[in-house]
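Student: Once you've had a glance at the structure underneath, I'll fire off some questions.
Derivation of every value follows stated rules applied to the coordinates shown; laboratory data play no part. Because the structure is predicted, anything quoted here is derived from the model rather than measured. We place every Cβ from the backbone using ideal geometry, glycine too, and count neighbours over all the protein chains shown.
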């Protein structure tokens with residue numbers, strides 16, 4: 001497969017044939033382009049990403065806990081599709097690194113409550129900053145008409161994501177989770 005996606009321009013499906021197949025083909029090409037983009041970004045920013053000293057499993061746990069502020073550890077296995085012992089090891093490492101705080105639930109001492117520490121919030125902010133910087137670097141290389149297309153596409157993606165999440169999406173509104181807040 002070539003290193004760019006220029007070969008996909010010839011795959012455009014016209015109005016003939018099965019519209020479902022045409023739509024599926026378009027979605028497949030978008031997924032291929034997205035995978036290629038992620039691969040390129042990974043190769044460009046590997047050193048930046050590695051400076052954030054957490055594994056992908058740890059990042060998942062940290063993001064899940066931070067997204068709600070506090071969480072019973074017993075809810076994580078179902079969310080992650082792993083065993084409690086796997087989650088316990090991951091949580092242990094995050095606690096050891098000072099990224100999560102673990103304590104007994106005063107209402108039920110059998111339950112363990114997790115919450116991100118200030119250092120955990122800072123780690124998430126570093127991920128977000130890296131993502132924002134990568135996106136800005138890409139967008140700075142695109143002309144104004146291309147930026148308008150991307151803006152429109154992002155609005156559509158935000159609306160689709162919001163409908164999956166059960167809410168109304170407006171790409172002009174700030175994200176609910178911004179730097180320094182969860």
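Student: For 109, 102, which order do you get if you count the other beta carbons within 10 Å of each Cβ and list the fewest first? Can you show the working numbers first?
Tutor: Working: 109 8, 102 14.
Starting with the residue having the fewest Cβ neighbours, the order is 109, 102.
Student: For region 93-159 and region 19-89, compute the distance between their C-alpha centroids and round to whole Å.
Tutor: After rounding, the separation between the Cα centres reads 11 Å.
Student: Counting other beta carbons within 10 Å of each Cβ, put 99, 147, 41 in order, fewest first.
Tutor: Numbers: 99 26, 147 12, 41 17.
Least to most surrounded, the residues fall as 147, 41, 99.
Student: Write down the Å³ per residue value for the convex hull defined by the alpha carbon atoms of region 54-117.
Tutor: Numbers: hull volume 4.9 nm³, N = 64.
Spread over its residues, the Cα hull of region 54-117 gives 77 Å³ apiece.
Student: For each of 46, 75, count neighbouring Cβ atoms within 10 Å of the residue's Cβ, then give the residues from fewest to most.
Tutor: Details: 46 10, 75 15.
Listing 46, 75 from fewest to most nearby Cβ atoms yields 46, 75.
Student: OK, next. Please work out how much length the chain gains when fully extended from residue 26 to residue 80, using 0.36 nm per residue of separation minus the C-alpha to C-alpha distance, in nm with one decimal. If you can, show how the numbers build up before the last one.
Tutor: Numbers: separation 54, 0.36 × 54 = 19.44 nm, distance 3.03 nm.
Value of the extension gain: 16.4 nm.
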